[in-house]
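As structure tokens, the structure follows; a few thoughts come after it.
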Amino acid sequence: MWGFAMLWAILAILRAHGDFRVDSVGLAGGKVLRFGLGWALVFLGVAINEEFALRGYFLFSSARRLRFWPAAVFLSTIFAVAHIANRGETALGLLYVFGIGMLFCLMVRRTGNLCFAVGFHAAWDWAQTFFYGTADSGLLGQGRLLNTTVHGPGWLTGGSAGPEGSIVSPLMLVVFAWLIHLRFSRAIYPDRPL
């Protein structure tokens, strides 16, 4: 729910400002279930792959050498660089990708495992691509539940990158980092794993 809630909050701010609108429902009947489940499986796979790779083994092995937060910065930078090739990605979108990588590392640090990060990542991507039908890291998926439009400058709406390219997204990352800090107040994952 956290990943969906963060996207909802960003879009609610854009809607209140008059820059985001739901135009219509894009799917009906069995297509809703088929595309909804299909996208859920796709994004669960993406989240497992990316989180296990970058916040699993590589975070563990890098933190052993560098300590936790320097390793988190290094791996979040790699995560952002990996998104550069996405058509439609923007500088603000890449800043967000770096920031969400850091947020995922905070989730691992505070919970001691990857489950929260995997769930958040999958829910965020599913909400963008399927539920709200917005671009996700510059990519627009087929089979969207809602047809939506944005109006306004790209720095505010996210433009071709989608909501993560909005100036609102990095600010929302700070809010959600604070909420995670409140909910999981103690670091469980070691600073330098053995």
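List of remarks:
- Cα coordinate range in the chain, projected on the principal axes (Å, largest first): 53, 35, 33
- The phi-based Karplus calculation (6.51 cos²θ - 1.76 cosθ + 1.60; θ = phi - 60°) puts the 3J(HN,Hα) values of the stretch 177-186 at 4, 5, 5, 5, 4, 5, 6, 10, 6, 10 Hz, whole numbers, x for Gly and Pro.
- Label-to-label distance for A53 and S24 is 3.8 nm, based on points extended 7 Å past Cα in the beta-carbon direction.
- Centre separation in Å (Cα based) which lies between the stretch 133-157 and the stretch 41-95: 23
- Amide H contacts under 5 Å for H17: none, restricted to partners 5 or more places along the chain or on a different chain, H placed in the peptide plane at 1.01 Å from N.
- Sequentially through the stretch 71-77, phi angles give Karplus couplings (6.51, -1.76, 1.60; θ = phi - 60°) of 5, 4, 5, 4, 6, 5, 5 Hz, Gly and Pro residues having no value and appearing as x.
- When only the Cβ of Lys, Arg, Asp and Glu is charged (+1, +1, -1, -1), the dipole of the stretch 35-194 relative to its Cα centre reaches about 600 debye.
- Stokes-Einstein, applied to the Kirkwood radius of the stretch 81-155 over Cα pairs at a viscosity of 1.002 mPa s and 20 °C, places its translational diffusion at 157 µm² s⁻¹.
- Less than 5 angstrom separates the built amide H of L145 from those of F131, G133, all sequence-distant by 5 or more or on a different chain.
- Relative exposure of D23, D125, judged by other C-beta atoms within 10 Å (fewest first): D23, D125
- In sequence order, calculated HN-Hα J values of the stretch 41-48 (Karplus, 6.51, -1.76, 1.60; Hz; x Gly/Pro): 5, 4, 6, 5, x, 4, 5, 4
- Size of electric dipole in the stretch 105-194: Cβ of Lys, Arg +1 and of Asp, Glu -1, about Cα centre, debye, nearest 20: 360
- Between L146 and K31, the contour length at 0.36 nm per residue exceeds the Cα-Cα span by 40.2 nm.
- Fully extending the segment from R67 to L139 would add 22.5 nm, taking 0.36 nm per residue of separation and subtracting the current Cα-Cα distance.
- Helix-only arithmetic for the chain: the sum of -39500 (n - 2.57) across DSSP H runs with n ≥ 4, divided by the residue total, places the mean residue ellipticity at 222 nm at -19000 deg cm²/dmol.
- Our analysis of the stretch 133-194 gives Rg over Rh at 1.18, with the two radii drawn from alpha carbon positions and Rh computed by the Kirkwood formula.
Values in this text are rule-based calculations from the coordinates and carry no lab data. Since the model is a prediction, treat every value here as computed from it, not as a measurement. Heads up, the Cβs are rebuilt from the backbone with ideal geometry, glycines too, and the neighbour counts pull from every protein chain shown.
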